[in-house]
Each structure stands twice: as C-alpha cells, then as structure tokens.
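Below: the structure, in structure tokens.
The values are calculated or read from the model by the stated rules, or taken from the named source; none is laboratory data. This structure is a prediction, so every number in the text was calculated from the model and none was measured. All Cβ positions, even for glycine, are placed from backbone atoms using ideal geometry, and neighbour counts span all protein chains on display. Note: accessible area is taken over every heavy atom of the protein model, side chains too, but ligands, DNA and RNA are not part of it. Shrake-Rupley method; radii C 1.70, N 1.55, O 1.52, S 1.80 Å.
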Amino acid sequence: MDDRHLHALIAERHPLSSPAALRRAEDYLAEQFRLLGLDVSAHPFKALGDTYRNVIGTMLSQKGDSPHAERGLSPSPLLIAAHYDTVLGSPGADDNASALAVMLEAARCLREVTLSREVRFIAFCLEEENLLGSLAYASWLRESKQEISGAIVLECVGYARTEEGSQKKPSGVPIAVPSVGDFLAIVGNQTSTGLVAAVEGAAKQHVSDLKTVSLIVPGNGEALPDTRRSDHAAFWHYGYPAVMLTDTANFRNPHYHQPTDTIETLDLGFMDKVARAVTAAALELAGAEMKKSVQ
C-alpha cells in the first residue's frame, strides 16, 4: 500500500479550527483524481455559515459494452466514497485518511478496466458535522430523480490488531463478533442486502486473506445507532442502497478521535487488502471487463 497519500492528507482537517488544511485536502484529492484521468467536479453545499464542497472523480462507462445500451438506457452509477474532514484536535489517520488512501488506490486499479457503468469516487466534507456533506449530496440525487446502483462508503479502514480481546462488540449487535480486531466489517440495511452480499462475495473470492464480518440492520439502523455513524446513513435516509466498510473505529482503535490517531498506528497491509476488496467489488458491481490484471 502506497503511503504517500497518507503523508499528504494526515493533519487536523476541521472546518472551524483548521479550514486551510481542510481546503488543502480538498485540493489534493481533486488533483489526484485528475492525475488518475477522472472527470473532476465539485458538489458545493451551504453549511455552518459557509460553502463547502464534496469532491467527485468520475470514471465513465463504455455504454456500448453494456446490455442496457441496446434499450437506450444508461445504467445507474456505482459510488465509492470516504470523508475528508476530521474532528477537532485529531490528525485523522484512521479517521479518515485511511479510507481516502484506499479509495484512491481502488481508483488507480480501476482505471485499467473497461466499465459497463459509471463509477463515481466521492470525497465527502463535513461527515463529522452530522453527515452534512453526504446528506446534501444524497438529497440532490433524490431531488434530481437520479438513481444509483449502490454506494460503498469507507469509514476507518486502517487499524487492525491480532491480540485476543482487541475487538469490542457494539451494544445490541445481534451477531457474533470476533474478539480479535483483524477483520473488515460490512454494514448494510435491508435495502442494501444485495449490495452487502456482492461486496462480501467479491472479498471472499478475490482477497481470501481478508476476514470479513457482515451485518444487515433492520430499517435504517435506528435501533442500532452505532451502525449509522458515517455517510452511508445519508443514503439510507433517502432510500438508496449503501454499505459501510469499517475497522469498527472506537470498538477497536483506542486512538479514534484522539491526537494519537497518527500514521504510525496504521496497518498498511490491512489497508492493501481492503483496497483489493473494494476493487474486486467494483469490478463485480460495475460489470467490468479487465484490460490487465489488477495488482
């Protein structure tokens, strides 16, 4: 796993205490999308008395290769997303530079494929402020009557441990949770059951050394608030299928939302597995045809 994105992004990125760093992260992500050959755009929204932007890098489909093309249809896009802001006082390595680095690595791998549906890579702003950026984007999708095939939301994907007792179980979770924190959690709601199955299946088939634990919550997860703590919940709110991929944050990582959330605490090998799993899931969901094998 290339750590250059981590070194570029890790720093407090808070809208009030460190707006310049937040803007630098925004600019960096836009530039990386451009270097990958993506169509770059911004989705601006008003919040906290200012204007903020979600950064979008779009990988276009080859519509002529899609079965939808015969019927004159454009298949709905797949979204892969992560947030780029932090809480006050934390450099945000796991939360959420790890996810941004994984997203960029997946984009790098996917540029070598032929897609039958559009893939949008989205860096959301103000996730830590009650999901303001993703709520604004999902609301815009619904108001403009756009459909998506699903959203894969990356939230804290860089911390893994092998010690017994390194994993805690969130209150009320109705499934067995391992006591060792070396797995990736895949969380979806009932609308997202098929998306969860696709992501889990792709991970098991193509990244067999990555352990996964999947959870389908009833409704929109209202009875399990810990399952709603990222941008996937904005899509659930507007009726779109979405999954959260996570190392489970504070249920594993003692540095969560702390000044100690630094690059030294991250497990780059675990992140590499997650990036390969996201790439494999995107290949499955976007109906891609490989030009060369993904490394």
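When the residues of region 232-271 are narrowed to those that are under 26 Å from R4 (Cβ atoms) and in a helix (DSSP H, G or I), which ends up most open to solvent (accessible area, probe 1.4 Å)? Result: E264. Checking the structure you have, find out if any residue of region 153-166 is in contact with a Ser or Thr (Cβ under 8 Å, 6 or more places away or on another chain) and of a type in the set (K, R). Checking region 153-166: not a single residue is in contact with a Ser or Thr (Cβ under 8 Å, 6 or more places away or on another chain) and of a type in the set (K, R). Scanning region 251-264 for residues that are in contact (Cβ under 8 Å) with a residue 60 or more places away in the chain and either polar (S, T, N, Q) or farther than 20 Å from A8 by Cα (or both) yields F251, R252, N253, Q258, T262.
Scanning region 26-40 for residues that are under 18 Å from the mean Cα position of the chain (by Cα) and without any contact (Cβ under 8 Å) to a residue 60 or more places away in the chain yields Y28, A30, V40. Of the strands (runs of 3 or more DSSP E) lying entirely inside region 127-229, those containing at least 1 residues that are open to solvent by 20 Å² or more (accessible area, probe 1.4 Å) and of a type in the set (D, E, K, R) are 211-217. Summed over region 80-116, the residues that are surrounded by 24 or more Cβ atoms within 10 Å (Cβ to Cβ) and modelled with pLDDT under 95 give a count of 1.
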